[in-house]
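In what follows, a single structure is set out as structure tokens and then discussed.
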Amino acid sequence: MNVLADWDLWGPLFICVLLSLLLQGAEKGAQFTQIFSLAFFGSLVVTLNAKLLGGKISFFQSLCVIGYCLLPFVFSSIGIKSVQLLLIKKIKINLIVRLVLTVIGLGWAYYASTKFMSGSQPPKRKILSYYPLMLFYFVFAWLVISYA
């Protein structure tokens, strides 16, 4: 919990921008805005849920934890892009690598965020606070598989 006392929002902002840039790729659509907005508003909703369930974590601490826990998806995206450069013609291997790297990123993000958030929630409401986190990170895992 001492780590939570030193919260900041610059790191999550840079992580969110980097993830949005990685998932946008060469597309000229509004993917950057969609991914960035989803990260911003999704983390607001998850934070609001944690606060409404009686969490002892501050609003900005929760935003900080949720934002920093998007970092595994950045690593997954970089790994997927690297594999695509090396094995461009092997579609089956590419799909397997995408799934494996994204599942690892999802597990890492979920594990890290629940470890930080577990001390802030009442014991009877922990599951209720973990479920929106899992949905939030699952959406980002789906985006990484789809766009990376």
Förster-model FRET efficiency, 25 Å R0, L13 and L86, C-beta, rounded to 0.05: 0.20
Relative contact order for the stretch 3-147, counting Cα pairs under 8 Å that sit 6 or more residues apart, in percent: 31 percent
Cα centre as origin, Lys/Arg/Asp/Glu Cβ charges: the stretch 3-147 dipole, Debye: 440 debye
Cβ-derived FRET efficiency at R0 22 Å, A112 paired with K51, nearest 0.05: 0.65
Computed helical MRE - 222 nm, the chain, DSSP H runs ≥ 4 contributing -39500 (n - 2.57), nearest 500: -26000 deg cm²/dmol
Most positive-pole-ward Cα, V139, L19, T33, against dipole of the chain from beta carbon charges: V139
R0 of 41 Å, Cβ-Cβ distance I96-L128: FRET efficiency to nearest 0.05: 0.75
Axial C-alpha extent at least 18 Å, average Kyte-Doolittle at least 1.0 - helices from the chain (DSSP): 10-24, 31-52, 71-86, 91-117, 126-147
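The numbers here are math on the coordinates, done by the rules we state, and not lab data. Here the structure is a predicted model, which is why all the values come from computation and not from measurement. So basically every Cβ, Gly included, is an ideal-geometry build from the backbone, and we count neighbours across all protein chains shown.
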